[in-house]
Number of protein chains: 2
Amino acid sequence: MEIENRIERIKKQLHQQSYKLTPQREATVRVLLENEEDHLSAEDVYLLVKEKAPEIGLATVYRTLELLTELKVVDKINFGDGVSRFDLRKEGAAHFHHHLVCIECGKVEEIEDDLLEDVEKIVERDFTFKIMDHRLTFHGICRNCQQLKKGE
Amino acid sequence: MEIENRIERIKKQLHQQSYKLTPQREATVRVLLENEEDHLSAEDVYLLVKEKAPEIGLATVYRTLELLTELKVVDKINFGDGVSRFDLRKEGAAHFHHHLVCIECGKVEEIEDDLLEDVEKIVERDFTFKIMDHRLTFHGICRNCQQLKKGE
DNA sequence: TTGGTTGCAAACAGTTTGCAACGGT
DNA sequence: ACCGTTGCAAACTGTTTGCAACCAA
């Protein structure tokens with residue numbers, strides 16, 4: 001099963017830096033894996049983890065998410081409301097994926113395609129800037145809301 | 001003088017929506033104009049405004065910045081620390097400009113060029129997503145820090 | 001006199017931290 | 001016994017809100 005594999009790999013990653021995959025941490029990772037497309041906030045993760053491990057504390061979830069961010073297992077993102085969201089990094093993905101945020105319904109869609117190769121070349125050349133990562137978000141109206149507006 | 005012109009224009013924009021350019025608001029706008037390249041946080045703005053108008057309250061600054069954001073005079077941005085920063089929109093700029101954030105020294109550089117035209121066409125076509133605005137940030141190492149690293 | 005605006009303080013939301021207790025090695 | 005980890009509560013930070021006072025039209 002895919003999930004078990006990924007947990008095993010994360011476990012090894014933790015061990016390499018002499019951290020442990022405690023039950024609380026495992027439960028947290030499991031929630032992230034099971035809701036991979038969902039852009040959960042720390043609070044969201046907390047509530048979901050609580051269903052399986054009711055004794056867990058919010059602080060532990062925060063600490064785990066911070067740890068996972070350091071290990072680059074997840075990315076901490078921020079769509080402008082004051083809330084951090086956490087996104088699993090795809091295996092071997094060199095770059096952060098992009099997001100489409102609908103300003104009508106708030107839905108967030110992900111784009112895996114690397115659209116920025118050309119743009120990055122230009123930036124690196126013209127600004128002598130060594131790019132390590134990027135964040136690209138489009139704000140607009142999603143397919144669904146476009147349909148709804150037509151019917152108005 | 002350039003600044004006076006821009007204030008005059010913002011004043012008109014406010015009046016059109018029956019808001020007033022009060023002394024506090026003017027002082028706030030002035031600070032933004034005088035620190036145009038600086039990506040100030042609300043707190044930053046507050047401290048700078050206080051030098052000229054010591055009686056102003058933090059809440060007023062927040063309310064003014066919110067108002068200016070609504071009017072699209074400024075853009076509210078967010079580089080991942082928990083702080084909102086405010087950036088004057090260039091006159092007539094259809095799109096938000098881009099940023100280069102240096103992960104060594106924290107400096108933020110701006111790019112005015114619209115690099116995303118082609119990418120946007122692809123996204124609008126492939127995802128049926130009507131793009132209204134975008135945010136693009138590159139994280140990496142700036143010219144300066146690259147030099148410093150060479151010398152190590 | 002009305003309605004937008006202000007300053008202050010209190011409230012709030014998300015996040016972090018201090019600390020004593022816990023648990024595996 | 002040690003040391004990383006946990007849960008809890010308190011602290012903190014950035015932001016928002018309620019409200020009485022204010023001020024220009």
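Ordering B:Thr60, B:Ile141, B:Tyr46 by the projection of their Cα atoms onto the charge dipole of region B:1-144, which places +1 on the Cβ of Lys and Arg and -1 on the Cβ of Asp and Glu, puts B:Thr60 at the extreme positive end.
Against chain A, whose longest principal axis is taken from its Cα atoms, helix A:2-16 shows a tilt of about 70°. Seen against the Cα atoms of chain A and their longest principal axis, helix A:42-52 is set at about 40 degrees. Of all lysines in the structure, those lying under 19 Å Cα to Cα from B:Lys12, and not within fewer than 8 positions of it along the same chain, are B:Lys20, B:Lys72, B:Lys90. When the Cα gyration tensor is reduced to axis lengths a ≥ b ≥ c, the ratio a/c is 1.5 or higher for chain A, and with a/b not above b/c it is classed as oblate.
Using the Cβ-Cβ distance between A:Tyr19 and A:Val83 with R0 set to 22 Å, the FRET efficiency works out to roughly 0.30.
Dipole orientation for chain A: of the candidates A:Val73, A:Gly151, A:Phe129, A:Val73 has the Cα lying most toward the positive pole (charges on Cβ; Lys, Arg +1; Asp, Glu -1).
For region B:32-100, the set of GluC sites (Glu not before Pro) satisfying both a DSSP loop assignment and a count of at most 11 other C-beta atoms within 10 Å is given as B:Glu37, B:Glu55, B:Glu91. Computed from Cα atoms, the angle from the helix B:58-70 axis to the main principal axis of chain B rounds to 60 degrees.
Dipole size of the protein assembly as shown about its Cα centre, with +1 on Lys/Arg Cβ and -1 on Asp/Glu Cβ: approximately 640 debye, rounded to the nearest 20. Placing a label point 7 Å from the Cα of A:Asp81 along the Cα-to-Cβ direction, the distances to the matching points in the other copies come to 2.5 nm, shortest first. In a reduced charge model with +1 at each Lys and Arg Cβ and -1 at each Asp and Glu Cβ, region B:95-151 shows a dipole moment near 420 debye about its Cα centre.
FYI, it's all coordinate maths here, none of it is from the lab. Bear in mind that the values here come from a model prediction, so they are computed numbers and not experimental data. Virtual Cβ from ideal backbone geometry, glycine too; neighbours counted across all protein chains shown.
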